[in-house]
Amino acid sequence: MSAKKKTGTTAYRCTSCGYTQPRWLGRCPDCGEWNTLQEVSLQDEAPAGPGSIIAGSASGGGGAFSPRVAPRPIPLSAVEARSGSRLPTGIPELDRVLGGAVMKRSAILVGGEPGIGKSTLLLQAAAGAATNGRILYVSGEESAAQIRSRADRLGLPLDRIELLCTGRLEDIGRALSDVNPVFVIVDSIQTVYSPEAGAVPGTVNQLKLCAHELVAWVKERDAVLFLVAHVTKEGSIAGPKALEHLVDTVISFERNDDEVRFLRALKNRFGSVDELGIFRMTEKGLQAVEDPSGMFIVRRSGDLPPGVAVVPVFEGSRVFMVEIQALTVSAKGAMTRVFSDRVDAARVSRVAAVLEKRIGLRFSDQDIYVNVAGGVRLVESAIDLALAAALYSARTDIPSPPSTALIGELSLAGEIRPVNRLRQRVKAAASLGFGTVMAPEADSGSRAVKDVREAVSALFGKAP
């Protein structure tokens, strides 16, 4: 049997990452996967001309597969500045996280664990944005009847929402050309596929190609694109990291219990990443929490238990009163451990080391547990003093004084350092009934403490 003649018109492409090379190999040199190289014809894949799968000309002429006019460089001074080109979604908490409203010609990637409410949030946003123009909702996971049932349960207007249940990229392109929507939702990007990238949806090559084509379409029009993304077991957005670089905004949907949901931006080219949106899941859908400033405080009658301290923290432009809870127990083995998922464990260890060195209270033989009431994550340095007070209270079993809030960054020398926007923090604490606020500076009624020893003496009596 004669060997097959090499014609130079075939190659071998990895179905996992898209790597192409002239000879077959058992293992892909790029991604390391085994038995993923498949033979493809280079003649069949040769482009017929300059064009895109779904992006037609920005002027609206041509169909979904029409070629795109090649871009040419222009002077930056000739570019028209677009101020105020935002579309409100009708959901104030979502608009807050996005920087005031969603920017036209932008792509937003929405991630969150299954069942958290991503589809519900975006369906509500589609109904709220329907006054701006036509809406296209693309679903590759749910049927049309399921989506209609959810919309009826939420009591949403349906007049301007166009529904397309498919995962094929070319079908989505035709619908985009026909509807010309101002608001596009793709739920989810992992279900979208194109035969050009293989037959299996969800591969790295499929995600890159499909997301790139959809983002290229929205960049040429005054529209907005929302891409729903799955998450991994670790809680991060699934798919290649390059997918996050393709979009303008990445927002994450989190939960702390069965009802409360947190929405925060991990990346935002058009606004801050510090804003936090808070929702409550009800039978009527996601409802914004009207006054979240005190929702992270445990309401008690009587004195505080040991191991509890309260701190005002900033999340974007809002102040929340947050309760830090600590527990220390004797270590059961030779190695001590820190259990803390809402406050960085390294921060907990550092504050405990400062207390042990500057006050003489031993933590080196203790297992430390730290929790935050309400489930919110705390990352700013202003929580150091409250964390130190909670650890001291837990270790000595002496409760903190009631109606006392603590603000300040703790240095390795035991000094209490100033924090930003102190006056707003003190004002928020006073409005919620905290009569005493300890801070590094006496501002707007707060009590100044210069180091951790002075703070411990003022809170619990004479330090050891």
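In deg cm²/dmol, rounded to 500, what helix-only [θ] at 222 nm does the chain give when every DSSP H run of at least 4 residues adds -39500 (n - 2.57) and the total is split over its residues?
-7000 deg cm²/dmol
Placing +1 at every Lys and Arg Cβ and -1 at every Asp and Glu Cβ, with all other atoms neutral, what dipole size does the range 86-290 have around its Cα centre, in debye to the nearest 20?
320 debye
Place a +1 charge on the Cβ of each Lys and Arg in the range 401-445 and a -1 charge on the Cβ of each Asp and Glu, then give the dipole magnitude about the Cα centre in debye, rounded to the nearest 20.
It works out to roughly 200 debye.
Please compute the contact order of the chain in relative form: average sequence separation of alpha-carbon pairs under 8 Å and at least six residues apart, divided by the residue count, as a percent.
Reported as a whole number, the value is 11 percent.
Answer with a single label: of [x] 22.7, 76; [y] 27.6, 95; [z] 26.2, 87, which was calculated as Rg and Dmax of the Cα atoms in Å from the structure in view?
Among [x] 22.7, 76; [y] 27.6, 95; [z] 26.2, 87, the one derived from this structure is [y].
Is there a pair in Lys104/Lys284; Lys267/Lys427; Lys104/Lys267; Lys219/Lys284 whose C-alpha atoms are over 22 Å apart, and which pairs would that be?
Distance filter (> 22 Å) returns Lys104/Lys284; Lys267/Lys427; Lys219/Lys284.
Sorting check: for 165-173, 388-396, which peptide has the highest mean count of neighbouring beta carbons within 10 Å, and how do the rest follow?
Put in order of decreasing packing, that is 388-396, 165-173.
Using +1 at the C-beta of Lys and Arg and -1 at the C-beta of Asp and Glu, which of Gly461, Val260, Ser349 has the Cα lying farthest in the positive direction of the dipole of the chain?
Of the candidates, Ser349 comes out farthest on the positive side.
Cysteines without a disulfide-compatible partner in the chain, using Cβ under 4.7 Å as the rule?
Cys165, Cys210
With charges only on Cβ, +1 for K and R and -1 for D and E, what is the dipole size of the chain about its Cα centre, in debye, rounded to 20?
720 debye
Which order do peptides 259-269, 210-220 fall in by mean Cβ count within 10 Å, highest first?
210-220, 259-269
So which aspartates and glutamates can Lys332 reach, going by Cα to Cα under 19 Å and dropping same-chain residues fewer than 8 places off?
Partners found: Asp365, Asp367.
Considering only DSSP beta bridges whose two residues both sit in the range 308-460, what percent are antiparallel, to the nearest 5?
65 percent
Assuming 0.36 nm per residue, please report the length gained on full extension of the stretch Asp303 to Arg153 beyond their Cα-Cα distance.
Roughly 49.6 nm would be gained on extension.
Every number here is computed from the coordinates shown, using simple stated rules; none is lab data. Predicted model only: the values in this text are computed from it and were never measured. Glycine also receives a Cβ, built like all others from the backbone with ideal geometry; neighbour counts cover every protein chain displayed.
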